[in-house]
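See structure below.
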Amino acid sequence: MPTSTGRDAPSSAADYLPSRGGLPALRRAAADCRGCALFEGATQTVFGSGTRTARIVLVGEQPGDQEDRSGEPFVGPAGRLLRKALAEAGIEEDDAYFTNAVKHFKFAQSAPGKRRIHKPPSLHEMTACRPWLAAELKVIDPHLVVALGATAGKALLGGSFRVNEQRGRLLPVPSWEELGHSAPADASVTSDGAHCLVATVHPSAVLRATDRQGAYGGLVSDLRMAAGALE
């Protein structure tokens, strides 16, 4: 249950985190999250999907239109392209957990019944939703996290993250409780990729790219780096 804040709505998903339980308990609790205003327009919370024993967690920005309607992450065109790239990179889908930095769909719509156009989440919305991502990672404790795009990278590593500068290499990550901050200056990357991060572009950026073949090749190359860290 959310903590009481008088007339003000809770400012964070932290007010809705369950005190115990694993991924099923988190999913049930997230369905009632009112930690930011995005729940008002979205159809439902779109929580992560995958196994508790996943060695790799892929983090995107937010659910899209199809994800909002189905309640599952990465089921639209970008998700299908991501799964194709994972297979090409040698990463088993059964070994992965899929989630987003923000769990509700943010969109603009000119009129009821018109197409819903994706809008990037704000810093406040990303910060308010971060406790869900931290809780997922704490339960799963994966060997490796893949940040798909700038929003995911900033949710994990803080506002200084730049996907084009940091993509395609192993990066240290802070503890799951310290997401949103850069890893300590003396943090190292272990040879087995434990608690490390690989950043790449979001698959939706590949779909929008003028040189789609080149952009797709870059995504696969980055995911191969992630696959190598899991071996």
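The values are calculated or read from the model by the stated rules, or taken from the named source; none is laboratory data. Model, not experiment: these values are computed from the prediction. Glycine also receives a Cβ, built like all others from the backbone with ideal geometry; neighbour counts cover every protein chain displayed. Quick note on the areas: whole protein, heavy atoms, side chains included, nothing else; ligands and nucleic acids left out. Shrake-Rupley method; radii C 1.70, N 1.55, O 1.52, S 1.80 Å.
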Of the residues Ala37, Ala85, Ala31, which single one is in contact with a Leu (Cβ under 6 Å, 6 or more places away or on another chain), open to solvent by less than 80 Å² (accessible area, probe 1.4 Å) and on the phi < 0 side of the Ramachandran plot?
-> Ala85
Residue match in the range 73-82 (condition: at pLDDT 95 or above, open to solvent by 50 Å² or more (accessible area, probe 1.4 Å), in contact with a Pro (Cβ under 9 Å, 6 or more places away or on another chain) and among the charged types (D, E, K, R)) | yes
Somewhere in the range 15-26, is a residue modelled with pLDDT of 95 or more, surrounded by fewer than 18 Cβ atoms within 10 Å (Cβ to Cβ) and part of a helix (DSSP H, G or I)?
-> yes
What number of residues within the range 179-216 satisfy the criterion of being surrounded by 14 or more Cβ atoms within 10 Å (Cβ to Cβ) and at pLDDT 80 or above?
-> 17
Might you check whether a residue that is closer than 18 Å to Ala54 by Cα and among the hydroxyl-bearing types (Ser, Thr, Tyr) occurs anywhere in the range 83-100?
-> yes
In the range 148-178, which residue that is open to solvent by 40 Å² or more (accessible area, probe 1.4 Å) and aliphatic (A, V, I, L, M) is nearest to Ala134 (Cα to Cα)?
-> Ala150
In the set Val102, Val145, the lone residue that is modelled with pLDDT of 95 or more and out of contact with any strand residue (DSSP E or B) (no Cβ under 6 Å at 6 or more places or on another chain) is Val102
The range 140-164 residues that are more than 19 Å from Tyr216 (Cβ to Cβ), paired with ones that are hydroxyl-bearing (Ser, Thr, Tyr) and in a strand (DSSP E or B) (beta carbon under 8 Å, 6 or more apart) = Ile140/Tyr97; Pro142/Tyr97
